[in-house]
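Colleague: Got a structure for you, questions after.
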Amino acid sequence: MEEAKRKRIRVLIVDDVPETCENIRCLLHFEPGVEVVGEARDGEEAVNKAEKLRPDVVLMDINMPVMDGIAATEAISCRVPGSSVIIMSVQGEQEYLRQAMIAGARDYVVKPFTSDELTAAIYRVYELDQRRLDRVQNLHAGSFGQPRGQVITVFSTKGGVGKTTLAVNLGVCLSHLFGFSVALIDLDLQFGDVAVLLDLTPRRSIADLAADFNQLDEELLEATLARHSSGLRVLAAPPRPEYAEMVSPPLVEKVIKLLSNRYDYILVDTPGSFTDAGMVALDYAHQILLVLSLDLPTLKNIKLGLEVLDSLHHKDKVRAILNRSNMELGIGPGDVEKSLGISLAAQIPSDGRVVVEAVNVGRPFVLSHPKSRVAESLRQLAGELARTNSQVQQEKKKKGLLRSFNPLSALQDG
């Protein structure tokens, strides 16, 4: 918080009720680390002022005329990625809050809130985004060294699309069939099912590492991983939803770094929304597998998610995976590509009987039904990921050789 206080956090207040804006301005008036730079009465005005003023934080009401807070949040997330949105909401608007988080909001406060609650949210969001910015800059600069592992984050903006099933079967493919060392992190911290799908009963989870953060090293992390018969290693989600709060973004960052030093592939299964822990996995990902299905609600959320990923400079890492592909649903793969403006990297056929049976017995279908169409499609996807990784590594080696032999430097040395 000291760093945040040295630089005043510039805040834009958005609410259609003038009294509310005035009350918020009064709450923040005596906070030395915060500066209110403007107000807006509707979402459209909020977007225009955010583009002009470039605030650090936007305090956004949901229900407003002209353009509501969700649409405004989506627009600001895409057009002004340096501005973080905090939603202001009354009790009982959980669905609105979920939509707002998908649209790119970073946090929310429930009305009526106190001065301490509001300022704590502002500092928290600002500091998290500053750390994320530093992390991305360090990644681009290569300052954390050259780890061995390829990080693949499996993500979706909609639950129920089969994301965890794909992550588990992909991990088993890479480990059991291709012979790579693979670790799978379950970052669905409240309701993760990776261990269930593998019929594992882990003794420890990622939450147990929180108390050992300062002492956490490769050996301690290795002892925490559950071992599957396929060779896959699993870092399980916490056993209870309330333990999710123990898992901080710095812990996730440290875990990914340590695993990258030891494993060929680190797969990360994430929840169906943008969370602080999940953002770390997206930042560190070499590839992001964006899982979608053929229904309009999912496609709508995926389109929003792509816009947010683009605003975070991650869109070039995205590979869209169409799960449960079925030509009988009225929407075809071509329609999906046209709607989203992105090519499908893979199509996983619909095979409910095989998949449900595998889930119920806790045995991945690439092992239980290796000759099924869905298993074959997963093997093809795993092979494509492995080839892509190999090509990337070869390109890095070529660039390294070119840098190591620079004719100009050779002349200078001579």
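Colleague: Anything in the stretch 186-232 that is among the acidic types (Asp, Glu), surrounded by 13 or more Cβ atoms within 10 Å (Cβ to Cβ) and part of a loop (DSSP other than H, G, I, E, B)? List them, or say none. Spell out how you get there, then give the answer.
Modeller: So in the stretch 186-232, the residues among the acidic types (Asp, Glu) come out as 186, 188, 193, 199, 208, 212, 217-219, 222.
The next check asks that each one be surrounded by 13 or more Cβ atoms within 10 Å (Cβ to Cβ); those that pass are 186, 188, 193, 208, 212, 222.
Those that are among the acidic types (Asp, Glu), surrounded by 13 or more Cβ atoms within 10 Å (Cβ to Cβ) and part of a loop (DSSP other than H, G, I, E, B): 188, 193, 212.
Colleague: A further question follows. Applying the selection to the stretch 81-98, what residues are surrounded by fewer than 21 Cβ atoms within 10 Å (Cβ to Cβ) and either under 20 Å from residue 301 (Cα atoms) or at pLDDT 85 or above (or both)?
Modeller: Across the stretch 81-98, the qualifying residues are 81, 93, 94, 95, 96, 97, 98.
Colleague: Hey, another quick one. Taking the options 248, 260, name whichever one is polar (S, T, N, Q) and either farther than 21 Å from residue 128 by Cβ or at pLDDT 95 or above (or both).
Modeller: Exactly one residue qualifies, and that residue is 260.
Colleague: Could you go through the stretch 167-176 and let me know if any residue there is assigned to a loop (DSSP other than H, G, I, E, B), at negative phi and at pLDDT below 95.
Modeller: No, that holds for no residue.
Colleague: Take the residues in the stretch 1-11 that are at pLDDT 55 or above and either aliphatic (A, V, I, L, M) or at positive phi (or both), then tell me which one is surrounded by the most Cβ atoms within 10 Å (Cβ to Cβ).
Modeller: 11
Colleague: Condition first: surrounded by fewer than 21 Cβ atoms within 10 Å (Cβ to Cβ) and either under 18 Å from residue 333 (Cβ atoms) or free of Cβ contacts under 8 Å to residues at least 40 places away in the same chain (or both). Now tell me which residues in the stretch 278-296 satisfy that.
Modeller: 295, 296
Colleague: Here's something else I'd like to know. Can you spot a residue in the stretch 390-403 that is among the small types (Gly, Ala, Ser), at pLDDT below 85, over 27 Å from the mean Cα position of the chain (by Cα) and exposed (fewer than 12 other Cβ atoms within 10 Å of the Cβ)?
Modeller: Looking through the stretch 390-403, at least one residue is among the small types (Gly, Ala, Ser), at pLDDT below 85, over 27 Å from the mean Cα position of the chain (by Cα) and exposed (fewer than 12 other Cβ atoms within 10 Å of the Cβ).
Colleague: Here's something else I'd like to know. Out of the residues in the stretch 359-382 that are over 27 Å from the mean Cα position of the chain (by Cα) and in contact (Cβ under 8 Å) with a residue 24 or more places away in the chain, state the one that is nearest to residue 264 (Cα to Cα).
Modeller: 367
Colleague: Next question. Within the stretch 46-90, count every residue that is assigned to a helix (DSSP H, G or I) and of a type in the set (Ser, Thr, Tyr).
Modeller: 2
Colleague: A further question on this structure: Within the group 47, 14, which residue is touching a residue at least 40 places away in the same chain (Cβ under 8 Å), crowded, with 22+ Cβ neighbours inside 10 Å and within 25 Å of residue 305 (Cα to Cα)?
Modeller: Result: 14 is the single residue among 47, 14 that is touching a residue at least 40 places away in the same chain (Cβ under 8 Å), crowded, with 22+ Cβ neighbours inside 10 Å and within 25 Å of residue 305 (Cα to Cα).
Colleague: Here's something else I'd like to know. Can you find even one residue in the stretch 314-332 that is in a helix (DSSP H, G or I) and small (Gly, Ala, Ser)?
Modeller: No: the stretch 314-332 contains no residue that is in a helix (DSSP H, G or I) and small (Gly, Ala, Ser).
Colleague: Let me ask something else. Answer with yes or no whether residue 271 is in the same structural domain as residue 363 (by TED's automatic domain parsing) and crowded, with 18+ Cβ neighbours inside 10 Å.
Modeller: yes
Colleague: Residue 311: of a type in the set (S, T, N, Q) and either on the phi > 0 side of the Ramachandran plot or touching a Cys at 6+ places or on another chain (Cβ under 6 Å) (or both), yes or no?
Modeller: So residue 311 fits the description; yes.
Colleague: Among the numbered criteria (1) within 12 Å of residue 153 (Cα to Cα); (2) part of a helix (DSSP H, G or I), which single criterion is violated by residue 308?
Modeller: So residue 308 meets the others, but not (1).
Colleague: Sticking with this structure for a sec: Exactly one condition in (1) within 19 Å of residue 270 (Cα to Cα); (2) surrounded by fewer than 17 Cβ atoms within 10 Å (Cβ to Cβ) is false for residue 252; which is it?
Modeller: (2)
The values are calculated or read from the model by the stated rules, or taken from the named source; none is laboratory data. This structure is a prediction, so every number in the text was calculated from the model and none was measured. As a convention, Cβ positions derive from the backbone with ideal geometry for all residues, glycine included, and neighbour counts pool all protein chains shown.
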